[in-house]
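For reference, the structure is listed below as structure tokens.
The values are calculated or read from the model by the stated rules, or taken from the named source; none is laboratory data. Please read all numbers here as calculations on a predicted model, not as lab measurements. Using ideal geometry, Cβ is built from the backbone for each residue, glycine included, and neighbour counts are taken over all protein chains shown. Ligands, DNA and RNA are stripped out before the accessible areas are found, and what is left, the full protein with its side chains, is counted by its heavy atoms. Shrake-Rupley method; radii C 1.70, N 1.55, O 1.52, S 1.80 Å.
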Amino acid sequence: MTMREGNCNCGRVRYRLRGEPKRIGICHCTDCRQESGSAFTYYGVWDAAAFETTGETALHEGRRFCPACGSRVFAVDEREAEVKLGTLQDAPTGLTPTYELWIKRREPWLPPVKGADQFLEDRID
Ligand SMILES: [Zn+2]
Ligand SMILES: [Zn+2]
């Protein structure tokens, strides 16, 4: 089974993921821009049971980050773990987005990801 590891920028927060993600997304919404400081977020979703982490994190509106270096690392509840894929140790990750959210906020210089479902705002199941 595929194992992936990641960490915050300073290495105090670490995590491990078992198996492939259930879905891989990009989000261009205003919240994602502001919390990441970038034009979009890039994340993968695994079952919570496939995710384990060590190191102290701080919490803001469900999103966990390293209190020492400020890296946004993941959000986890009893069901799912949503991991910021830029924190994986190996880059490129080999994980291609399966969907894009809030494309109405996407920068015009950024092309859509080929083959990814496109949603004007939030995902509709
Ligand atoms: Zn850190
Ligand atoms: Zn968003």
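Table: residues versus (1) of a type in the set (Val, Ile, Thr); (2) in a strand (DSSP E or B); (3) away from ligand 2 (no atom under 16 Å from the Cβ).
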{"site": "12", "(1), (2), (3)": "no, no, yes"}
{"site": "16", "(1), (2), (3)": "no, yes, yes"}
{"site": "32", "(1), (2), (3)": "no, no, no"}
{"site": "92", "(1), (2), (3)": "no, no, yes"}
{"site": "100", "(1), (2), (3)": "no, yes, no"}
{"site": "107", "(1), (2), (3)": "no, no, no"}
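So is residue 120 of a type in the set (A, V, I, L, M, F, W, C), closer than 26 Å to residue 19 by Cα and at pLDDT 95 or above or not? No, not satisfied. Every test in (1) among the small types (Gly, Ala, Ser); (2) under 25 Å from residue 2 (Cα atoms); (3) open to solvent by less than 30 Å² (accessible area, probe 1.4 Å) is passed by residue 39 save one, and that test is (2). Output the residues belonging to region 33-62 that are modelled with pLDDT under 95 and of a type in the set (D, E, K, R). Within region 33-62, 35, 61 meet the criteria. In region 60-86, the residues that are more than 23 Å from residue 28 (Cβ to Cβ) and without any contact (Cβ under 8 Å) to a residue 12 or more places away in the chain form Cβ pairs under 7 Å with partners that are open to solvent by 40 Å² or more (accessible area, probe 1.4 Å) and within 15 Å of ligand 1 (Cβ to nearest atom), at six or more places apart or across chains, as follows: 67/56.
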